[in-house]
Amino acid sequence: MRRNILAGNWKMNTSLFEGIELFNSIVEKSYSFSDKNIHFIIAPPYTHLATMDANRLINLSLAAQNCSKNENGAFTGEISVDIIKSVGAKAVIIGHSEIRQNFNEKNSSLKEKVDVAIGKGLDIIYCCGETDKNRNQNDQESVVENQVSEALFHLSYSDFGKVIVAYEPVWAIGTGITASPEQAQNIHAFIRGLISNRFDTSLANSTSILYGGSCNSKNAKDLFECKDIDGGLIGGASLKADEFIHIATTLVAAKDNE
Ligand code: PEP
């Protein structure tokens, strides 16, 4: 059985005080999920990580929103995997479209980040997804295939087991426009097929593939009822504990009914 995962990407939001309050509130509301197939991942700003004790819950861990491909040294403003690990995070988001766009990140550079993160024992949430221009040209599959294969398919079988894939169509992130369940399911199944072709069906079937892009408590049910959508990477809607937990309840219910 593969893991259902609900990840919250807080982006550049919350003061330290607000972040601690939000984190504590999510932790308190998450206790009731301890016997369910759901794992929570919280990705606050770097500065908050050391103040958050994720060991309070077995089904919750912390992630950084990015990492450097360099191990250490004169890289002002960057955060290494070792620093991320030293503050208790167990995972890192790699390839978020905002970073791809704002810093012109290429799959080749993401591949280097993947290697450093996995080599040092972090799990990764690897983001992929097409722009609206790609979709208008019906190029979504080739774009996603390049993103996934160029940064991940050199990994060994066992290292790929540390990868969570997040399909996040760029046109849906922070826009209030969500991919339809059919659009999302099609790409999720496509990604699972790529993993199966590269590795095998067993690894493909055990890889969690999350949907991200304006997912909230209103549209989550239809998305999570799709058989290849194993949870969500949630941006805006992860900044309110009640909303985030509502999405978690929806995820558990949708998968219980499968
Ligand atoms: C994200 O940035 O990963 C994301 C999915 O954002 P939002 O939910 O706000 O669209």
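The values are calculated or read from the model by the stated rules, or taken from the named source; none is laboratory data. What you see is a predicted model, and the numbers here were worked out from it, not measured in a lab. For neighbour counting, all protein chains shown are included, and Cβ atoms are generated from backbone atoms with ideal geometry for every residue, glycine included. What goes into the accessible areas is simple: the full protein's heavy atoms, side chains included, and nothing from ligands, DNA or RNA. Shrake-Rupley method; radii C 1.70, N 1.55, O 1.52, S 1.80 Å.
Below, the figures for the structure above:
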{"quantity": "Cross-link table Lys36/Lys240; Lys106/Lys162; Lys11/Lys227, entries beyond 25 Å C-alpha to C-alpha", "calculated": "Lys11/Lys227"}
{"quantity": "Tensor-based shape of the stretch 93-214 (alpha-carbon gyration tensor, a/c under 1.5 rounded, otherwise prolate or oblate)", "calculated": "oblate"}
{"quantity": "Spin-label model distance (nm) - Met12 vs Asn197, 7 Å beyond Cα toward Cβ", "calculated": "3.8"}
{"quantity": "Accessible area (Å², per residue) of the stretch 66-108, counting only protein heavy atoms and a probe of 1.4 Å", "calculated": "56"}
{"quantity": "Rounded percent of accessible protein surface that carbon and sulfur make up, the chain, 1.4 Å probe", "calculated": "49"}
{"quantity": "Separation of alpha-carbon centers, the stretch 40-70 and the stretch 94-170, rounded to whole Å", "calculated": "20"}
{"quantity": "Mean residue ellipticity (222 nm) of the chain, computed from DSSP H runs ≥ 4 via -39,500 (n - 2.57), nearest 500", "calculated": "-12500 deg cm²/dmol"}
{"quantity": "Selection from Cys226, Phe17, Val165, by position along the positive dipole direction of the chain (Cβ)", "calculated": "Phe17"}
{"quantity": "Gyration tensor verdict on the stretch 192-258 (Cα atoms; rounded if a/c is under 1.5, prolate if a/b is larger than b/c, oblate otherwise)", "calculated": "prolate"}
{"quantity": "Residue among Ile41, Ile93, Ile177 with the largest mean-square fluctuation in a Gaussian network model of the chain, springs linking Cα atoms under 10 Å", "calculated": "Ile177"}
{"quantity": "√(5λ) per eigenvalue of the Cα gyration tensor, the stretch 5-256, largest first, Å", "calculated": "24, 23, 17"}
{"quantity": "Bridge type composition, the chain - antiparallel percent by DSSP, nearest 5", "calculated": "0"}
